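> The structure under discussion is supplied below as structure tokens; questions concerning it will follow.
Nothing in this text is a laboratory measurement; each read-out follows from the coordinates by a stated rule. All of these numbers come straight from a predicted model, not from anything done at the bench. No Cβ is skipped: glycine too gets one built from the backbone with ideal geometry, and neighbour counts run over all protein chains shown.
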Amino acid sequence: MADRLERAGHRVRGANDEVFSWYVAYFSPQGLSPVSRFRTFEGLTPGADTGKMYSMSADHLVVSLFAGAGGFSYGFSQAGLKPRFAAEIDGDACRSYELNVGSPCHQVDLGTITPTAVKSMANGEQPFIIIGGPPCQGFSTAGPRNATDPRNRLIFNYLAIVEELAPKWFIFENVEGLLTSGSGHDLARLVREFVSLGYSVRLQKVNLAAYGVPQTRKRVLIIGNRMGIDFDFPRELYSYDSGKAKKTSGLPMAPTLDEAVAGLGRASFDKSLVSDYASVTALGPFDEAMRKGNIESGVTQHFQARDNSDKAPLELLGPGQTMKDLPPEYWHDSFKRRANRRVADGTPTEKRGGAPSGIKRLHGNLQSLTITGAASREFIHPREHRPLTIRECARIQTFPDRYSGLMSYHD
Ligand SMILES: C[S@@+](CC[C@H](N)C(=O)[O-])C[C@H]1O[C@@H](n2cnc3c(N)ncnc32)[C@H](O)[C@@H]1O
């Protein structure tokens, strides 16, 4: 495989000199193959009348690694494949996972636990599929001596677990930084190793807004199977524009931020309060989908800080504007330090990945920017002078309102 996977700019060169886009590539133990028709997961029958993509089968062991609060796993459950085993290092995330996904989440460090131990925790069964998104830059805590060895990175721990448990399929999700991490060598190595384990692998960069998520969110997906099945990714369904990422393709627009959050109504000032929806009936299809299954009388985790001392600068901030558009007396100290450093070392801002935004007001009539752990501090509501609430961030991530026990947001 080594000679077949050669990185040239943003491209991958195949064995017969075929050049594939770096972002859409298919690798198999037999070599590179052209895209063929979409094939469903082997052994699953399309659900006839459930409206679900696949019929539920408790026989299929789904393993969720780096499971977080369970977003990925909840989506899999909705498609009829509920994980029976999950692993995650953070205790609060595990509790939220168990509460909402409804199956066990083991609090373990996947950087130090042996793949054999993971296998026995999953009762030694061969999984149908392993899913998960390890942190791209994360290192295992194996010991300071090895802390900079790339093989100790969590993406390779994921690989080692796939090797030991030998699932029929795996889905590996990551940030787009994985494409350029280690000048692209990390990704090339990861793909090569999956292939050498016997997996046919498809790699694609996607923007989740193209699939109806109300935010632009670029992610790299690597999907592999041991049956030599080639398949295509589902076609895109929506255009999108967040002011930063944009694709207008003649397709209908993905739900906007307003469509995603307006139905939530006014945020409360009390963490524990269940607040009223904006209206008795849903304001549109996205609002309706999010309300579905919520047995509370209203909205939970939709609160803002009572302290309004920071409100003055927010009142000056227009949609799409950031801290740098405000008078300097409103800049945070950390923002000032970073902004001045950029000027001092002479590198133009655009070459340094843009100025630190500090705070940013989102556009209500566009899709949100990517939600990260900082979103409920830095993203300002399109019309109200406050940051987004946890519930608003959750909706932008398409967590339904019935999802409870959310903390903040990991990316
Ligand atoms: C990107 S988030 C996963 C989000 C999840 N896919 C979801 O849909 O909600 C990555 C997760 O990896 C977890 N993590 C980081 N280091 C870990 C480790 N050494 N062992 C297990 N989990 C770890 C983090 O706590 C975080 O929840």
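> Using the charge dipole of the stretch 131-288 (Lys, Arg: +1 at Cβ; Asp, Glu: -1 at Cβ; taken about the Cα centre), state which of S181, G284, A209 has its Cα farthest towards the positive end.
S181
> For a quick check: sort M407, M227 by the number of other beta carbons within 10 angstrom, fewest at the front. Can you show the working numbers first?
Details: M407 16, M227 13.
Result, fewest neighbours first: M227, M407.
> Quick one: Y74, Y330, fewest Cβ neighbours within 10 Å first, how do they rank? Numbers along the way, then the final one.
Details: Y74 20, Y330 17.
Sorted ascending by nearby Cβ count, the order is Y330, Y74.
> Using 0.36 nm times the number of residues separating D92 and T112, minus their current alpha carbon distance, what extension gain do you get?
Details: separation 20, 0.36 × 20 = 7.20 nm, distance 1.97 nm.
Value of the extension gain: 5.2 nm.
> Then there is this: For the stretch 62-79 and the stretch 256-315, write down the distance between their C-alpha centroids in whole Å.
25 Å
> What ranking do L179, L190 get, fewest neighbouring Cβ atoms within 10 angstrom at the top? List each step's numbers first, then the result.
Details: L179 19, L190 22.
Placing the least packed residue first, the sequence is L179, L190.
> Right, another one. Provide the per-residue ³J(HN,Hα) series for the stretch 218-227, in order, calculated from phi with Karplus coefficients 6.51, -1.76, 1.60 and θ = phi - 60°, each as a whole number of Hz, with x at glycine and proline positions.
Per residue, the Karplus-derived 3J(HN,Hα) values read 8, 9, 9, 10, 10, 10, x, 9, 8, 9 Hz.
> Note down the nm distance, to one decimal, between modelled labels 7 Å out along Cα→Cβ at H332 and at M253.
Reported label-point gap for H332 and M253 is 3.0 nm.
> Could you tally the net charge around D325, taking each other residue with its Cβ under 10 Å from the Cβ of D325, Lys/Arg +1 and Asp/Glu -1? Before the final figure, lay out each step's value.
On the way: positive: K324, K360, R361; negative: none.
Residues near D325 contribute +3 overall.
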